[in-house]
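To start, the structure itself, in structure tokens.
The values are calculated or read from the model by the stated rules, or taken from the named source; none is laboratory data. Note that the structure is a prediction, hence the values are computed from the model and not measured. Neighbour counts are summed over all protein chains in view; Cβ atoms, including those assigned to glycine, are modelled from backbone coordinates with ideal geometry. These area figures cover heavy atoms from the full protein model, side chains too; ligands, DNA and RNA do not enter into them. Shrake-Rupley method; radii C 1.70, N 1.55, O 1.52, S 1.80 Å.
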Amino acid sequence: MASTSGADLSDGDEVQEEELERFDDFTLASSWERFISEIEAICRQWMADGPKNLLEKGAVKLESKQDLYKVKSELKYAMKSYSVEYYFETNSGGKFTDWNCSLHDLQLCFGVKNFLIIAPQSASGVILDPPEASKLLSAAAIALTNCSSLWPAFVPVHDPSRMAYIGIQNMGTVFTRRFESDRISSQVPVKLMHLEGLYELFVSKFAYSTPDFTMHLFNVHFTMKSTYRTAPYDDDDLQSSDAEIKEDSLNPEVDTRTRTQWDDDCPWSVWYSAEDPVKGFELVATWSEQIVQSSLEMAELENVSPHEAENWTMLPILFPNLDSTEGNRVGFGSQLRLMVDALDVSFSGQFMEDFVSVEKPGLDNIKSSMIVPPPTVLDRVLKELFHEGSSTPSFPKGEHKTSRAIKGAPPESLFAQFCLHCLWTGDCNIRVEKGWGPLSINQGSSSGDVNGACTLAICIEKKCELNEDFQDCIGSSDDPQDHIKVEDGVVGDNQTNRQIPREKLGGTRSSPLTPGGGLDHSENTESKSGMKPEKVVSVDPKYADSNRRGSAGVAGSMMLLKSYQSLHAPFTQDAPPMTEDMHEERLQAVEALGDEFNFSAQMEKEILSSDMSAFKAANPNAVFEDFIRWHSPGDWEHDETEESGASGNPTADGLMNDWPPRGRLSQRMSDRGNLWRKIWNDAPGLAAYEQKPLLDPNREGEKILHYLETLRPHQLLEQMVCTAFRASADTLHQTNFGALKQMTTKMEQLYFTMVSALKPLQTSRVSSNSDSIEDLRRLCRIFEHVEKLLTLAASLHRKFIQSPRLSEAIFSDYYNFYLPNMGTGSENQREFNMKYQVTMNERHIVSNMFKPPTANQSWRKVLSMGNLLNGHEPIIREIIFSKRDGLRNHQYASPSSRAFQQDTETYRMYICGTSNDLRVALSVTSSD
């Protein structure tokens, strides 16, 4: 039993000893050793998790980096807090590229992938004490070696502005890489501004002696990247340009030169000048890796043109607040928002006078914000509205197909132009004197109903034409016999049959003349033999020609029924304007009465009477059937024998041989009591210039002005908002932005949104503070977003008109970048930094954007670096030198190891700098 119990005790001691072997006793360990153990534990945990688990545990993706994430842990040592950050890529494979734009700063400087940064948790984030930095780096190196990790570790040192680091990496063998970087922010030596001096700086790190680097040859791998930026707009250049203009204006023989804006040819430039959303470009020229053996070769490379670089990439520099929802950008969208606010306020007044009356205390806040423009602005707007002193401007055609679904005046109309002026003039009171005396137009009571305003514009135009015609006729009456009577709006000539030129009559309405649609101006054909005498009325042709007035020419081969004479098409008056509301009223009346034919004739009695009088004056021997054949061919039924004869002989002579035309009136024209025949019997034979005008501009104008004066303010603003939105959108629609499909789609969506949002205004279902007002405000925000995109599209199209691929690529990427936040009210904190490859065929287009520097820019900056592009030196030049050696013959190298069979990068130097600062990062592989 004793032996058995002794055996049990021995077994228990062995188990206790095994447990003691697994226990790490830190009772005698120093704080530094415990600090190393904590770093080691953190690194082991990250290594065990791997990239996928780290992402699940909340690894943070770095901004502007495609595939770089970061995890962070905190620890303490000697009463100080430190942070350990691990930067890793999810895609561990692939070849490392030196000039990858998504690289971290340390990856670019030292050519590493995954790495650690150990930094103090302080305001500066750097270690200013060199011994502390060395001790911290040693602790990280020991911890990484204990867990067999090949991650490099870095510690930030010196002043934060120097961007200095020291680092170390275990290569998995007896070799170790050490890292060090620093920066000179001022007083860079002249020698280090040139490639030759930088090459010698790198060679001095491994050459045993430096008597003369030009006499020794070293196989140094060299690659370079130069970044160029277009010159900013210079205010001094503007002042010098203005001075040149003033000097040239004193000399009449020298043409004055004016500075033009980038959007002078854009349709919105009539109303405002938009700031160019494309502020400039950055061009990155990359030279492929090559082997350089002496400093003389580096001196030659400094004179090489950027066009010889292997690769060009371009970065557009966009306006900083382009994607912001609230900004100080001025455009149609921002001004339309003010008009919508005016509509909301207009419901508080019953009459126009309420907004300026002192007896309305509730409207004090409105009156306090009113700004009256100076008289010069009012005079300018007045002249632009009525085109005084200049010819009528030509408005671009081609409105959007959905634009007509919005009940608003077209952009070229008086009302639309006035609404656009109201957007940019502010609270204004324009007094228009045009025939009727003062015509008051205010922003609060600006114009009126769309149909009334359009008719008012026509009345103004007609009154001006009548005044001009009267002055022309009075001024040309040199002969006392050529006296023209003007009475009751009728201009007549009692002495002669002189015809007023066609342009004085405003043209004729389209009438069915010849099959070809033209007029035959041949002379009258004399009577021919072989005609049936009973159907010929003996008329003297000379007598008929002497009494003919207002003829526009012979109407093809048509002949009169009762006399063998050609039918003449008369000049006729233009029909009075018919607005959409008038047309709808007539349709409702036709539906109510049922007799569409007689009702239409009754409503158009004056027009029919005018046409019949003009036809009688042009054809003194015509009958009612002749007028129907000319005016309404569908109501003249031809005989079958005549149709067969006409088809057998289609020539003009054949038709004339078949005179008189055989046929009859239609059933509705031959009925007893036909209104058309009654009007024909009562119509006198008067040419168009002898008749009373169909449109009385005085009467119609007074009616419209009375309607405008009695219109409610909100009804007025409803029409203004609809027309202003439509006119603004149609103006932007004329912009040429190339074949950008996203922009075309966005404009179509804008029109459909406008139709939906403005529909309540067309039915007068809007009230103050209603949902419709909020919908209009949202529409204004959408309009602003589309306007910003359109401005960008137009700018890119003008700059890359010879390279549409680049403009389409830039706009497409920015559209996808901007669209997620569009209209959401949130601002995008990210920066658009997409870069685009430039092909060999596109290089001359991009290089032309870098215009040679002006005289002011040249003398202010001394060129210190080479590789100039059209006189511009690079804003940043980055260089990587490297030296590769084989380690197979090294004393510590294993002959069978594959790691030593390939060349290893023993020295690497990254240099980034300009003429004002220089940053150098060096990595050295050694067996120390």
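May I ask for the net charge around Tyr165, where only other residues with Cβ less than 10 Å from the Cβ of Tyr165 are counted and Lys, Arg are +1 while Asp, Glu are -1? Write out the running numbers ahead of the final one.
Values: positive: Arg162; negative: Asp105, Glu180, Asp182.
With Lys, Arg at +1 and Asp, Glu at -1, the net is -2.
Under a Cβ-only charge scheme (Lys and Arg +1, Asp and Glu -1), can you give me the dipole magnitude of the stretch 698-805 about the Cα centre, in debye to the nearest 20?
Result for the stretch 698-805 is approximately 500 debye, rounded to the nearest 20.
In terms of modelled amide H atoms, which long-range or inter-chain residues lie less than 5 Å from the amide H of Ile168?
For Ile168, the qualifying residues are Ala153, Phe179.
Using modelled amide H (1.01 Å from N, peptide plane; none on Pro or chain starts), what sits under 5 Å from the amide H of Thr904, excluding residues fewer than 5 places away?
The answer is Asp885, Gly886, Leu887.
Just grab the label-to-label distance for Glu63 and Tyr707, each label 7 Å out from Cα along the Cβ direction, in nm (one decimal).
Placing both labels 7 Å along Cα→Cβ, they lie 5.7 nm apart.
How much length would be gained if the chain were fully extended between Thr176 and Asp917, taking 0.36 nm per residue of separation minus their Cα-Cα distance, in nm to one decimal?
Net length gain for the segment: 263.7 nm.
For the stretch 697-805, rounded, prolate or oblate, judged on the Cα gyration tensor with a ≥ b ≥ c (square roots of eigenvalues), a/c < 1.5 rounded, else prolate if a/b > b/c?
Judged from the Cα gyration tensor, the stretch 697-805 comes out oblate (a/c at least 1.5, b/c at or above a/b).
Short version: ³J(HN,Hα) in whole Hz for each residue of the stretch 796-805, in order, from phi by Karplus 6.51 cos²θ - 1.76 cosθ + 1.60 (θ = phi - 60°), x for Gly and Pro, what are they?
The phi angles translate into 5, 5, 6, 6, 10, 5, 8, 9, x, 4 Hz.
When a/c reaches 1.5 or more, the comparison of a/b and b/c decides; with that in mind, is the stretch 153-194 rounded, prolate or oblate per its Cα gyration tensor?
Note, shape of the stretch 153-194 comes out oblate.
Would you calculate the separation in nanometres between label points at Trp424 and Glu774, each defined as 7 Å from the Cα along the Cα-to-beta-carbon direction?
A separation of 3.4 nm, rounded to one decimal place.
Along the charge dipole of the stretch 270-323, which of Leu283, Pro306, Ser294 sits closest to the positive end, that is, farthest toward it, with unit charges on the beta carbon of Lys, Arg, Asp and Glu (+1, +1, -1, -1)?
Leu283
List every residue whose amide H lies under 5 Å from the amide H of Ile317, counting only residues 5 or more places away in sequence or on a different chain, with H placed 1.01 Å from N in the peptide plane.
Lys279, Gly280, Phe281, Glu282
Exceeding 26 Å between C-alpha atoms, which entries from my cross-link table qualify? They are Lys799/Lys835; Lys70/Lys205; Lys225/Lys883; Lys113/Lys191; Lys61/Lys741.
On the way: Lys799/Lys835 17 Å; Lys70/Lys205 33 Å; Lys225/Lys883 19 Å; Lys113/Lys191 32 Å; Lys61/Lys741 33 Å.
Exceeds cut-off: Lys70/Lys205; Lys113/Lys191; Lys61/Lys741.
Quick one: pull the percent of accessible area on the stretch 677-727 belonging to carbon and sulfur, 1.4 Å probe, ligands and nucleic acids left out.
So the carbon and sulfur contribution to the accessible surface is 48 percent.
Considering only protein heavy atoms, with the full assembly of protein chains and a 1.4 angstrom probe, order Met171, Met558, Met669, Met840 by accessible area, largest first.
Met840, Met171, Met558, Met669
Quick one: net charge around Ile142, please, counting Lys, Arg +1 and Asp, Glu -1 for every other residue with C-beta under 13 Å from its C-beta. Don't skip to the answer; put the middle values down first.
Working: positive: Arg34, Lys135; negative: Glu33, Glu38, Glu40.
Combined, the nearby Lys, Arg, Asp and Glu give -1.
Probe of 1.4 angstrom, ligands and nucleic acids ignored: what's the accessible area per residue over the stretch 125-179, in square angstrom?
Details: 2270 Å² over 55 residues.
Here the residues of the stretch 125-179 average 41 Å² of exposed surface.
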